Structures are given as structure tokens and as C-alpha cells.
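Asker: Provided herewith is a single structure, encoded as C-alpha cells, for subsequent inquiry.
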Amino acid sequence: MGRILLALTLVLSTVFALPAPAASAKADPALYIVQLAGDPTGRRESLRAGIRSNRAAVLRAAGVTKTVADYETVFNGFAAALTPAQKARVERTPGVVRLWKNEKRTVQTFSTPAFLGLSGAGGGWEKRFGDPTHAGEGMIIGVVDTGFWPESPSLAPLPEPRPDRATIEKKWYADGVDRCDEGTGPPQQRITCNNKVIGARYYDSSGFGDWPGEFRSPRDYDGHGTHTATTAAGLHDVPATVNHELVGNVSGMAPAARIAVYKALWRQADGEGSGGTVDLLDAVDDAVADGVDVLNYSVSGSASLVVDPIELAFLNAAAAGVFVATSAGNSGPGASTVAHNAPWVTTVAASSHDRGAVKSVTLGNGKTYTGVGQGPALPSAPLVDSVAAGLPAAEATKVELCHPGTLDPAKVKGRIVLCRRGVNPRTDKSIAVRDAGGIGMVLYNADENSLNADYHVVPTVHVDHVAGAAIKAYVSEPSPTASLSAVSKVVPRAPAMAAFSSAGPAVAGGGDLIKPDITAPGVDIVAGVSPAGHHGNLYDGESGTSMSSPHIAGIAALLRAKHPGWSPSAVQSALMTTAGVVDNTNGRIQRGDVDATPLDYGAGHVRPDRAFDPGLVYESGVRDWVRYACGLGQLQLVSDWCPVVGTIDPSDLNYPSIAIGSLPGTATVTRTVTNVGEQPSVYTATVSPPPGTTLTVTPSTISVGAGKSATFTVTVTRTSAPFREWTFGSMTWTDLRGHAVRSPVGVRPVALTGPGEIAGTGPAGRGTIDLRSGYSGTVTARAYGLAPSMVHTRKLVGSTAAFLPSAPGVAPSIFTFEVRVPPGTKLARVSTFAADHALGTDLDLYVYDGTTLIGRGDGTTADEEIPLSTAGVFEVYVVQFGLPAGVAEQKVRAHLFLVGAGAPANLSVTPASAPAAPDETVSFDVSWSALSTARRYLGLVEFTDGEVARAWTTVAIGP
């Protein structure tokens with residue numbers, strides 16, 4: 001609730017600049033997505049001729065003769081390689097809304113059907129479909145990923161005849177297009193489709209498919225795409241063998257659903273599966289045009305924007321009736337790491353399931369440490385730390401991580417090796433141990449992270465960071481030894497949140513929308529893979545939100561098969577309002593050793609069978625989503641819809657969860673529920689107020705006819721909850737027919753809320769800061785600054801797209817400088833401004849603390865800024881990404897602002913204090929004077945309750 005401050009410099013925190021030729025004075029072309037005015041066609045074939053004609057007219061006017069991709073179904077535009085001069089011309093062409101850089105995106109079950117209540121007598125498959133082999137009939141699941149392995153037993157043909165053949169053909173073959181592209185490589189690398197995988201395409205305009213081992217076809221090398229596809233819709237009850245041992249039978253969530261494969265991610269030399277937004281957008285556009293019902297997207301995404309090209313494509317996909325499941329990200333457990341934060345997608349966190357693989361390591365000193373693992377027991381043997389077992393010429397960091405080919409057989413043979421987790425795949429580490437003659441491995445986390453019972457080639461125990469530190473200390477003693485236990489197949493406490501699973505509150509929504517939405521199994525999931533990338537295995541265990549997302553995609557297909565009239569938001573609501581928040585011990589779902597919250601798991605852990613009959617659903621559509629994005633202040637970046645459709649407070653979106661990111665006193669939100677049951681029913685509200693608040697639902701009883709709707713309000717008032725800390729509760733509608741429609745409620749009380757920044761110009765001037773109070777007392781204001789910027793200037797020659805954030809360096813088009821932020825600094829910021837440079841310049845900023853990237857500003861203009869929140873020494877890189885036509889070089893200016901704690905000489909705020917009361921507005925006047933018209937200044941106004949700082953507003957003054 002309240003004002004949402006959009007930090008435009010926090011752009012796409014999970015993507016990276018693409019590799020390109022080295023910088024030079026000559027302007028090299030770079031790939032851009034060009035967004036055009038007007039809506040995409042969706043599935044309205046009658047509109048395609050018009051949108052193609054308009055696109056052709058823009059291309060002619062812009063002088064673009066070749067595109068690498070044309071978008072029209074869920075995104076209106078095209079992709080092309082443009083020089084800076086061409087980019088400038090395109091930007092000036094009527095009909096062009098915005099240009100987006102092509103960016104790198106990366107990838108992110110044998111007991112899960114039983115754990116989720118789908119399999120077995122009385123399970124969801126039997127109850128809803130009669131037999132698992134019919135579960136999901138009539139549905140097509142699109143999988144945008146690394147491709148598929150056609151020979152996977154989980155993707156074999158379905159038995160014929162199929163009762164849903166006419167339904168599938170109506171959707172899939174309506175226009176007669178062949179959607180199965182066998183590829184261009186050697187015959188053994190090509191693919192064929194069948195009645196299970198009914199279509200497959202591949203995309204590589206971004207050039208990520210150049211790794212020598214990859215297949216120039218939809219065939220999957222990496223294995224990630226096969227894993228997600230078979231998790232969502234692999235055949236029922238298929239025996240799975242890993243490392244020549246049968247580990248059990250596997251099933252996808254929707255065994256009878258069809259699969260459409262869109263390979264837009266490619267195996268890289270570093271083992272990642274990566275692709276460009278140009279191709280991912282093309283894949284999503286094709287998938288919706290092809291007729292998929294559900295889309296799974298286990299790929300990284302923006303944490304800060306809901307209007308980048310991919311998220312806009314998802315909006316139009318949902319508008320066309322496609323349910324979109326996305327992975328929340330693997331950047332947890334830190335706060336505000338969740339990606340894919342738009343309400344029109346279902347964002348999935350990762351949690352564990354109840355398949356136990358407990359294994360322990362006992363050291364020669366008698367101490368035992370418990371972890372997880374697979375493989376047989378191993379009697380006592382010498383233990384060696386990998387850092388002391390490397391080949392003389394091997395790189396030390398790779399030795400510590402047990403990269404293949406780095407360990408010395410003379411130091412490893414016959415020993416158990418201690419290896420550090422990270423960088424290279426975990427199973428590659430055990431291969432390195434085996435190849436050097438080792439007989440076992442202890443894998444340790446260097447910091448908090450998940451434990452994974454992978455299928456290693458030597459007996460392995462994976463331990464946490466605490467045990468790892470103890471074992472590492474022991475291994476330095478004389479003659480260390482260790483033994484590994486057998487696997488104990490205990491049933492662990494589950495579900496529990498995976499440490500890697502990204503958490504809210506979402507940056508993009510200011511906390512007014514809880515993301516992730518839901519959690520599903522994402523730890524040690526056994527499913528199909530590519531033997532090319534998995535040491536000859538057709539099945540393997542994988543962990544990540546990439547694995548949890550296809551669980552939800554498959555379950556969504558089940559719901560849509562049973563309820564073909566449900567909208568994507570109805571499916572989302574049914575999943576969320578029936579999710580659970582307790583584990584198999586009847587306790588709260590845990591994260592680490594503490595109770596998890598909706599910022600970890602959203603509405604809770606998916607319970608599929610309950611979702612078929614949720615009772616009530618919270619529905620929203622395009623108009624609601626557009627008004628929400630306008631309320632965030634984001635849709636204005638790419639559209640002129642906002643003045644027409646208006647805005648809503650983001651907390652008022654008709655969503656299954658309720659969130660208020662800034663609660664100064666009291667707030668009221670409105671919701672509408674629709675009865676999707678076949679009978680009318682009377683529902684009564686029960687509330688569990690977030691601690692330190694009161695929660696009131698009005699009316700508290702509603703009578704809702706079949707297919708009818710009812711509207712109510714929820715009012716939250718702070719009583720004693722701490723300021724600036726999240727507190728959680730719930731609101732549930734129940735009836736006498738057994739329905740319980742639960743919504744999580746999360747609020748963050750604040751003492752004061754107001755604008756994050758005000759801006760002004762000129763040597764003297766004034767402005768107003770309006771605050772809303774959440775307490776009774778006095779508000780005291782104090783000004784700091786204004787501090788003039790310290791300008792770092794360098795002549796840069798040419799432009800480049802070759803800057804690699806993972807390996808920064810200088811070039812003629814890149815310069816760097818050091819920043820020292822003294823202790824006690826109130827505000828620090830690095831900025832560049834378009835007004836300082838030639839019109840059409842595109843600058844990027846990157847800030848490092850040592851070798852760690854801590855901030856990036858890489859939009860499509862020269863207006864960039866990065867705040868520095870701590871004292872220290874930092875390295876700033878300024879990259880001239882693009883130049884306008886006719887400009888080969890220019891002086892580039894980067895500004896450093898350091899606002900100290902001293903008394904200001906040129907900024908004042910009045911009154912010095914003012915009375916405050918909950919939900920009332922308190923106003924302060926800010927004035928500045930004696931400034932140079934040629935300089936830029938930054939200041940800060942801090943507001944306290946007399947003791948504690950409660951709110952801050954920056955003051956930016958420029959020429």
C-alpha cells in the first residue's frame with residue numbers, strides 16, 4: 001500500500017551482457033528486441049495480416065533490412081542486429097515503443113506423485129481421471145528449455161487409439177504447420193516427434209549454440225529440458241536406472257498430457273544451459289501460437305521489472321488462456337531474491353519431499369557428521385583435502401572444487417577426498433575423484449545451502465557448512481581417516497524449504513504482492529535427462545526451482561483437463577488457496593531450523609487433489625493486470641495505456657494472497673471471489689491476524705450462488721507489531737461442504753511512508769515532502785547535504801557489448817575508477833546522466849566489492865545509478881555500450897555522490913518537527929540555495945520519531 005518507488009536502475013538482476021567482438025572505434029552491431037506500438041495478435045488469426053503490414057512499414061522507415069526474429073502472438077515487435085547508428089534511427093522511428101538489449105538467461109520424481117497425493121488408491125489421478133494413464137488428456141504442455149531426448153522411455157509414444165485425438169488435432173494442427181523440426185546436424189543428432197512429444201523447435205539467433213558438443217536440433221545435450229518435460233508430463237510408472245542401478249519408477253504429474261518442446265537454451269562450456277532473450281521470446285511467441293494450454297519456463301528472469309519482454313509475453317499468453325509456471329530462482333535464502341514477480345504468472349519456490357537418503361561420515365577422531373548421499377558404505381580409509389591433492393600445474397581454485405583433470409592420482413588413489421561445493425556440477429566432482437583413483441568423497445557446503453543426495457560414481461556424503469568446517473579442520477591433522485555409512489532410508493521432515501530457493505519480498509512490487517506464489521518439490525527430483533550430459537544416464541536426480549516449476553505446470557494441466565473453462569488465474573487461485581503450510585510432522589514448514597513464511601513459500605505447499613474442488617477462486621484478467629502494472633509505475637515505460645485504463649493500488653489486485661508492503665496505521669483492501677462449484681454455498685470468514693495487528697473481514701459471511709461472485713473487504717490495523725518487520729497471518733473462507741479457501745496475509749508496518757526521492761533544478765528552489773504516519777507522536781526532520789558530485793571523466797572510443805560482468809576488464813570503450821565510502825556516510829551513489837553525453841548514448845555501470853558484483857545499471861540509455869549501502873572500497877566500471885550515428889568517441893562522465901553526516905550549508909527542511917498521528921499526513925518543506933548551475937548535487941532528509949530514523953527522502957538537484 002502507499003506510494004511505490006520504482007528504482008529504475010535495478011534492472012534485470014539475473015541476466016548478463018552477451019559476449020561480442022572486442023571493443024573498437026568501429027560500431028559493432030548488437031542484438032536488440034524492438035517493441036512496437038499496438039497489441040499482439042494473441043490467437044486471433046484475423047489480426048496477423050495487419051500486424052505484419054505495420055511491422056513491415058516500421059522496418060522500411062527504420063532502414064532495417066533483416067530481422068532475426070519476428071514476434072506477433074504475445075509480443076508485438078522484432079529482433080535485429082543493430083549498430084549504434086541503426087539503433088538510434090530505430091528509436092526515432094514512429095511506431096517504436098522501446099528497445100531491449102538481448103540478454104543472457106540461464107536454467108534455474110520418483111516419490112513426488114505419492115508425496116503430493118496423486119498416486120495410489122484414492123489418489124488424485126484415480127479419483128479425478130479413473131486411471132493415471134488418462135491424467136491430463138487433451139492438454140498440451142509447452143516446455144521452453146534445453147530441448148528433449150527423444151529416446152527417453154518417459155517420452156515414448158502413448159498407446160493408440162487416443163480418446164483425446166480430436167481435441168489435440170483441433171488445437172495443434174489447425175493451420176497445417178509442421179511444428180516438428182528435426183534439425184540440421186548428422187542423422188544421429190536429429191529428432192523425431194511422436195504422439196507424446198507432438199512438436200519440437202529450436203532457436204539460436206543469439207549464438208549460444210556454438211559449443212562443439214551441442215546438437216543443431218531440438219535434441220537435448222544438457223538434460224535440463226528433458227528433466228523438466230518428464231517431471232511435468234512423463235509417462236506413468238517408468239523404471240528409472242541411474243549408474244546402472246534401478247532406483248525406482250518415475251511418473252510425470254500429467255502422464256497423459258502431450259508435450260511441445262522449444263529449445264532456446266544451449267549447453268555452454270562452463271556446464272550452464274543458457275540462451276538469449278531474443279530466442280526465449282521467440283519460443284514463447286511460437287508456443288502460444290501453436291496452441292499450448294500450459295507453459296513451463298524454468299529459466300532465470302527479472303527481479304525488478306514486470307514489463308520486460310518476457311514478462312509482457314507472459315501477460316499476453318495468460319490473456320490468450322495459457323497458464324504460465326515459472327521458477328522463483330535459485331538465489332536464496334536471502335530476502336528479495338525472487339524473480340518472475342508478475343501476477344499473471346505462477347511463481348514456484350522449491351521444497352523437499354519425503355524421500356530420505358541420510359548418510360554419515362565418521363572421522364578418525366570418533367566424531368560423526370550426518371549428511372545425505374547415495375551409494376554403499378565405505379570402511380575407514382585415508383582422508384585427503386582436495387586443496388592438498390592437486391596436480392602441480394592445476395589451478396588452485398579448480399583443485400579445491402575438484403574439477404575433472406585437476407587431482408593428482410599419487411595423492412588421491414585409495415583415499416576419500418574432501419571437495420568443496422560450487423561452480424562445476426556436483427557429480428563431476430565425484431568423477432574427478434574416481435578418475436584420480438579415489439574411492440569416496442565428502443562434499444561440503446562452504447556456506448548455507450541445500451544438501452543433495454545426488455547419484456555419484458563413488459560413495460559420497462554431502463554435509464552442510466558447519467560439518468564441512470569441522471571436517472576441514474580435522475583433515476589438516478596427521479594421518480586423517482574417515483568412513484562412510486550406508487544409506488538410511490528414513491522419512492525426513494518434509495516439506496522443508498530448500499536453502500537455494502529465492503525469497504521475497506519482491507523488488508518489483510514493493511512488497512504489495514507476495515511472491516513466490518506456491519512451493520513444490522524441487523530437491524533431489526529423479527526424472528529423465530540426456531545421457532549426453534549425464535554420463536550415459538537416461539535418468540538422474542536434479543535440484544532447483546527449475547524442478548519445482550514443472551510440478552506446478554503438470555498439475556495445472558490436470559486441473560485444466562478437468563475444468564477446461566477455468567481461466568489461468570482461476571487455476572492459480574485453486575492451487576494457492578488449497579495449499580498447505582504444515583509438514584508431515586504437523587508442524588510449520590521449516591526453512592533451516594526456523595518456521596518459514598509466505599515470503600519463502602507463498603500460499604504454501606501444493607496439494608493437488610484439493611485444488612480440483614477449491615470452492616471459491618480469485619480471478620483477474622488483462623485489465624486488472626494492466627492497472628496493477630500502472631500502479632507500480634512500470635507499464636508507463638512501455639505503453640500509453642495507463643491514462644486510459646487507470647491504476648490500482650497494487651495491494652488491491654484481486655489476488656489469492658494479501659500483502660501490504662508499507663502499513664502506516666490502517667489499510668483496507670478489496671477482494672472478489674467466484675463460486676466455481678456446482679451448488680450455491682454460504683461461506684464464513686475466519687481470521688488469524690498477523691501478530692501485532694487486527695484483521696477484520698466485511699462482511700464476515702457471504703452467500704455465493706454457483707457461478708456467481710461476492711465482494712468483501714479486509715482491514716488490517718497495526719497495534720503492537722514492530723515497524724519495518726514483516727508479520728504474517730491468514731484469512732480463510734469455509735463452508736459446510738468441506739471447502740477451506742485460505743489466503744496468506746502479510747503486512748509490514750512502517751512508522752512513516754513517503755517519497756523515496758524528490759528532484760529539482762536551479763541554484764535555489766523548494767519542494768514538499770508529504771509523509772503518512774503510522775504512530776502517534778512527533779516527527780523530527782534533519783537534512784544532510786547537498787553534496788556536489790565528484791566527476792570521473794575519461795574519453796572512451798567506440799562501443800562494446802563484450803563486457804563480461806564475471807570477468808571485468810578495461811578497453812578503449814571501458815574505464816574504471818576506485819570509490820572510497822568513508823564510515824559514517826549517510827548516502828552514497830554512483831550515477832551517469834544522458835544529459836552529459838551525445839543523444840542516443842547507451843552507458844552501463846557495474847560496481848564490485850573485491851571480485852563480487854554488488855550493483856549493476858544496464859538499461860538502454862545513459863541514465864544509470866547504483867546506490868552504495870555500506871562503507872568500503874569499491875571498483876566502478878563504466879561501459880560505453882552504444883553510440884549514436886556519427887559519434888566515434890566522447891568524454892564520458894561518471895558522478896560519485898558522498899553525502900556526509902555534517903551540518904548542511906545549502907539544504908534546509910522546515911518545520912524541524914511536527915506532530916503525527918496514525919493515518920494522517922505530515923508535510924515538510926525542503927529548500928536549497930547557493931548552488932552552482934553547472935554541477936549536480938545529492939542530499940538526504942532523514943525523519944525520526946525523536947529516537948529512531950523511520951523514513952528517508954533523497955533530494956537530487958541538477959542543471
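Read the figures in this text as sums done on the coordinates, not as results from a lab. None of the values given here were measured: they were computed from a predicted structure. Cβ: placed from backbone, ideal geometry, glycine included. Neighbour counts: every protein chain shown.
Asker: Using only the Cα atoms of the range 202-305, what do you get for the radius of gyration and for Dmax, in Å?
Answerer: For the range 202-305, the Cα radius of gyration and maximum Cα-Cα distance read 15.2, 45 Å.
Asker: After finding the eigenvalues of the alpha carbon gyration tensor for the range 348-391, what semi-axes result from the square roots of 5 times each, listed largest first in whole Å?
Answerer: 27, 17, 10
Asker: At 0.890 mPa s and 25 °C, plugging the Kirkwood radius over alpha-carbon pairs of the range 358-484 into Stokes-Einstein gives what diffusion coefficient in µm²/s?
Answerer: Values: Rh = 13.8 Å.
The estimated diffusion coefficient comes to 178 µm²/s.
Asker: Among DSSP bridges having both ends in the chain, what percentage is antiparallel? Round to the nearest 5. Each step should come with its number before you reach the end.
Answerer: On the way: 155 of 207 bridges.
About 75 percent, rounded to the nearest 5.
Asker: Can I ask one more? What share of the DSSP beta bridges in the range 369-496 is antiparallel, in percent to the nearest 5? Don't skip to the answer; put the middle values down first.
Answerer: Values: 5 of 17 bridges.
Among the beta bridges of the range 369-496, antiparallel pairing accounts for roughly 30 percent.
Asker: Whole-Hz ³J(HN,Hα) for each residue in the range 817-824, computed from phi via Karplus 6.51 cos²θ - 1.76 cosθ + 1.60 with θ = phi - 60°, x for glycine and proline: what do you get?
Answerer: Whole-Hz 3J(HN,Hα) from phi for the range 817-824: 8, 8, 10, 10, 9, x, x, x.
Asker: Per the Cauchy relation, a quarter of the hull surface: what is the mean projected area of the convex hull of the alpha carbons in the range 30-101, in nm²?
Answerer: Details: hull surface 16.8 nm².
Average projection, Cα convex hull of the range 30-101: 4.2 nm².
Asker: With N set to the number of residues, divide the alpha-carbon radius of gyration of the range 700-742 by 2.2 N^0.38 Å and report two decimals.
Answerer: Values: Rg = 14.8 Å, N = 43, 2.2 N^0.38 = 9.2 Å.
The value comes to 1.61.
Asker: Another question, if that's okay. Out of every Cα pair in the range 608-748, what percent are spaced more than 21 Å from each other? Display every interim value, and only then the final one.
Answerer: On the way: 4787 of 9870 pairs.
Result for the distance tail: 49 percent.
Asker: Give me the number: length gained by fully extending D447 to T368, i.e. 0.36 nm times residue separation minus the C-alpha to C-alpha distance, one decimal in nm. Write down the numbers at each step before the final one.
Answerer: Working: separation 79, 0.36 × 79 = 28.44 nm, distance 1.97 nm.
Extra length available between D447 and T368 comes to 26.5 nm.
Asker: To continue, here is another question. Under 12 Å from a point 7 Å along the Cα-to-Cβ line of K489: which residues of the range 229-261 have their amide N that close?
Answerer: Of the residues in the range 229-261, 246-249 have backbone N under 12 Å from the label point off K489.
Asker: Return the lysines within reach of K795: Cα separation strictly under 18 angstrom, same-chain partners fewer than 8 residues apart disregarded; answer none if there are no such residues.
Answerer: Within the straight-line cut-off, K795 pairs with K26, K891.
Asker: All other residues with a Cβ under 13 Å from the Cβ of E619 taken together, and with Lys, Arg as +1 and Asp, Glu as -1, what is their net charge? Display every interim value, and only then the final one.
Answerer: Details: positive: R623, R671, K708; negative: D624.
Net of charged neighbours comes to +2.
Asker: Gain in length, T933 to T851, computed as 0.36 nm per residue apart minus the alpha-carbon separation, to one decimal in nm? Numbers along the way, then the final one.
Answerer: Details: separation 82, 0.36 × 82 = 29.52 nm, distance 3.75 nm.
Full extension of this stretch gives 25.8 nm more.
Asker: Moving on. Divide by every residue of the chain the summed helix terms, -39500 (n - 2.57) for each DSSP H run of at least 4, and state the resulting mean residue ellipticity at 222 nm, rounded to the nearest 500 deg cm²/dmol.
Answerer: Values: 18 runs with 158 residues, N = 959.
Result for the chain, helices only: -4500 deg cm²/dmol.
Asker: Within the set of other residues whose C-beta is less than 12 Å from the C-beta of L315, count the net charge using Lys and Arg as +1 and Asp and Glu as -1.
Answerer: Here the charged neighbours net out to -3.
Asker: Based on the Cα coordinates of the range 181-253, what is the per residue volume of their convex hull in Å³? Can you show the working numbers first?
Answerer: Details: hull volume 8.8 nm³, N = 73.
For the range 181-253, the hull spanned by Cα atoms encloses 121 Å³ per residue.
Asker: How far apart, in nanometres, would the label points at R766 and T67 be if each is projected 7 angstrom from Cα along the Cα-to-Cβ direction?
Answerer: With each label point 7 Å from Cα toward Cβ, the separation is 5.3 nm.
Asker: Now for a different question. What is the distance in Å between the Cα centres of the range 879-921 and the range 42-56?
Answerer: Using only Cα atoms to place each centre, the spacing works out to 45 Å.
Asker: Can I ask one more? Would you work out which of N654, T666, A611 lies farthest towards the positive end of the dipole of the range 552-667, given +1 charges on the beta-carbon of Lys and Arg and -1 on that of Asp and Glu, about the Cα centre?
Answerer: Of the candidates, A611 comes out farthest on the positive side.
Asker: Non-local amide H neighbours of S360 (under 5 Å, H modeled in plane, Pro and chain starts lacking H): which ones?
Answerer: Those qualifying (amide H under 5 Å, at least 5 residues apart or on another chain) are G371, S485.
Asker: Can I ask one more? Roughly what % of Cα-Cα distances in the range 754-958 sit above 28 Å, to the whole percent? Don't skip to the answer; put the middle values down first.
Answerer: On the way: 7574 of 20910 pairs.
Within the range 754-958, distances greater than 28 Å cover 36 percent of Cα pairs.
Asker: Any idea how far apart W641 and V97 come out in nm if each label point goes 7 Å out from Cα toward Cβ?
Answerer: Those two pseudo-labels are separated by 0.7 nm.
Asker: Using the structure shown, select from K263/K515; K171/K196; K398/K429 the pairs with a Cα to Cα distance greater than 19 angstrom. Don't skip to the end; give the middle numbers.
Answerer: Values: K263/K515 27 Å; K171/K196 15 Å; K398/K429 10 Å.
Result: K263/K515 exceed 19 Å.
Asker: While we're here: Go through 32-38, 735-741 and give me the packing order, highest mean Cβ count within 10 Å leading.
Answerer: 32-38, 735-741
Asker: If you compute Rg/Rh (Cα atoms, Kirkwood Rh) for the structure shown, which of [x] 0.96; [y] 1.46; [z] 1.11 do you land on?
Answerer: Among [x] 0.96; [y] 1.46; [z] 1.11, the one calculated here is [x].
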